[in-house]
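So the structure is just underneath, and the comments pick up after that.
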Amino acid sequence: MKKRIVSVFSIICATALIFDYSIDSKNNSSYTTAASTTAGAFSVGASQASAIAGSVSAGAVNMASLDAVSVADSDAVVTAKSLGDIYGYSNLGICNVSDGNLNIRESASTDGKLVGKFPALAGCEIVSQEGDWSYIKSGEVEGYVLTEYLLTGDAAWDKAVEIAQYVATAKTGGLRVRSEGNTDCEIIYQLAEGEEIAILDGTQNDDWIKVDVDGDEGYVSAEYVDVDLSLKTAMTLTEARYGEGISDVRTALCDYALQFVGNRYVWGGTSLTNGVDCSGFTMQIMAQYGVYLSHSSRAQANEGTTISTSELKPGDLIFYGKGGTINHVAIYIGGGQIVHASNKRDGIKISNYTYRTPIKCVRVLYD
């Protein structure tokens with residue numbers, strides 16, 4: 001049997017036992033995944049050793065290695081179906097477009113109302129098929145996509161093993177992200193309960209996990225997060241809810257910004273389609289409406305009128321920071337939500353505006 005190696009997190013827990021499992025597919029290629037089980041360490045909810053990693057329980061987690069796990073012959077064979085226990089899908093589909101997003105529509109027609117954006121390599125549950133269309137559910141979005149742009153069956157499971165990433169989800173509000181892996185160092189962010197952040201390679205010690213928050217590195221206590229293998233999901237366009245008395249220009253600006261959800265994050269980038277960073281995103285969106293900003297979140301914070309969170313309207317800017325210094329900017333879109341260029345994993349996305357503690361709110365659009 002021909003074997004391939006897939007780079008996944010080699011999860012090494014104190015006094016843990018490491019298992020290698022292979023996945024057989026129709027093209028006779030095998031992938032190796034890593035799982036470890038130990039009391040009070042990395043928790044694995046496995047049935048007949050068929051799952052990889054579930055969640056962090058109170059105990060030690062060491063993710064110091066990102067090396068490829070070598071393929072080993074084993075009697076434990078993980079079928080594609082059993083991976084559904086890990087990723088949460090029973091009939092997995094993967095968005096198979098070269099770049100950008102696949103449109104999700106309310107009906108099985110190119111004239112159907114647009115209800116969401118399905119980013120490249122994001123995952124979905126395929127519910128049914130109607131002719132050339134598949135009805136899918138992904139994240140909070142459900143609707144129709146053209147089946148020709150989906151990976152399905154074994155090809156989808158193979159791709160999932162290749163691209164899935166470990167993410168940490170805050171189990172408590174005000175989760176502290178620190179500059180180093182200890183409680184004596186600076187708190188650089190606080191995250192809302194349920195906020196999902198990408199895990200980076202390596203930790204400082206067994207009790208801390210290195211994470212990516214809007215392109216910045218930090219550490220969270222393993223005790224206060226759940227860790228799961230995750231695929232990106234679709235973004236809804238109906239998440240922006242506008243209040244009464246909101247001008248047409250503010251509504252139009254938010255609608256314009258939302259069409260780029262799912263596009264790439266590139267540090268220093270200024271292209272809404274090919275890659276942009278947080279201040280590049282706000283700069284380009286605002287420029288379409290006659291507001292010209294600097295390509296710097298810190299500078300943009302001084303290029304308008306400071307307002308309180310209670311005064312926020314769609315189209316206003318919200319600033320976040322690290323240790324009190326502004327380093328991130330987002331556009332408020334109403335309903336307690338923002339759209340922003342977040343990080344390499346998520347690209348341009350929608351978040352709750354309190355996903356981190358705002359430092360400053362600024363109005364640059366006057367109507």
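Couple of notes before you dig in:
- Residue list for segment 152-199, filter: in contact with a Cys (Cβ under 8 Å, 6 or more places away or on another chain) and surrounded by 18 or more Cβ atoms within 10 Å (Cβ to Cβ): ARG178
- Under the condition of being surrounded by fewer than 16 Cβ atoms within 10 Å (Cβ to Cβ) and not β-branched (Val, Ile, Thr), the residues counted in segment 304-319 number 3.
- Condition check for SER134: without any contact (Cβ under 8 Å) to a residue 12 or more places away in the chain, farther than 30 Å from TYR224 by Cβ and touching a strand residue (DSSP E or B) at 6+ places or on another chain (Cβ under 7 Å): no
- In segment 130-169, the residues that are part of a strand (DSSP E or B) and at pLDDT below 90: VAL141, GLN165, TYR166, VAL167, ALA168, THR169
- Condition check for GLU217: outside the structural domain of TYR289 (by TED's automatic domain parsing), in a loop (DSSP other than H, G, I, E, B), under 23 Å from ILE359 (Cβ atoms) and at pLDDT 85 or above: no
- Condition met for CYS185 (touching a Ser or Thr at 6+ places or on another chain (Cβ under 6 Å) and over 26 Å from PHE260 (Cβ atoms)): yes
- Residue, farthest from ASN101 (Cα to Cα), within segment 340-354, restricted to residues that are in a strand (DSSP E or B) and at pLDDT below 95: ASN352
The values are calculated or read from the model by the stated rules, or taken from the named source; none is laboratory data. Please read all numbers here as calculations on a predicted model, not as lab measurements. Positions of Cβ are backbone-derived with ideal geometry, glycine not excepted, and every protein chain shown enters the neighbour counts.
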